[in-house]
1. Could you grab me the full set of residues in region 97-121 that are outside any strand (DSSP E or B) and either free of Cβ contacts under 8 Å to residues at least 40 places away in the same chain or more than 17 Å from the chain's Cα centre (by Cα) (or both)?
2. Does region 99-106 contain any residue that is farther than 20 Å from Leu18 by Cβ, among the β-branched types (Val, Ile, Thr), open to solvent by 40 Å² or more (accessible area, probe 1.4 Å) and at pLDDT below 95?
3. For the structure I just gave you, tell me whether Lys66 is at pLDDT 95 or above and out of contact with any Gly (no Cβ under 6 Å at 6 or more places or on another chain).
Amino acid sequence: QVQLVESGGGLVQAGGSLRLSCAATGLIFKINAMGWYRQAPGKQRELVAAITITSGGSTNYADSVKGRFTISGDDAKNTVYLQMNNLKPEDTAVYYCNADVYSIKGYLELWGQGTLVTVSS
């Protein structure tokens, strides 16, 4: 079964750092792109960062996290990371990993279970 497993969320003080990870498990032939979304209470889900292999591994970031967050991957482990530095209270949200993959069942869009990030003042 192909799935995404997230980890790394938790409580942190403003200005601190966290590193989220998302591992794609199962029989995967190709990963087209992976990204991180977040959803704060009462807010809609928004894109935080994404990395693609179709454009030479280019990355995209939401304006609110540029210069603070970095997305990266480990091909050997089918894992994507989100390094979050200088965290702010407004970063508090449930963070979801997303991946577009080709598996034995064809093209799939996958979502992780979500990991909670809470940033205190």
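The values are calculated or read from the model by the stated rules, or taken from the named source; none is laboratory data. Since this is a predicted model, take the numbers as computed values, not measurements. All Cβ positions, glycine included, derive from the backbone under ideal geometry; neighbour counts span all protein chains shown. Remember, those area values only see protein heavy atoms, side chains included, never the ligands or the DNA or RNA. Shrake-Rupley method; radii C 1.70, N 1.55, O 1.52, S 1.80 Å.
1. Selection gives Ile104, Lys105, Ser121.
2. Yes.
3. yes
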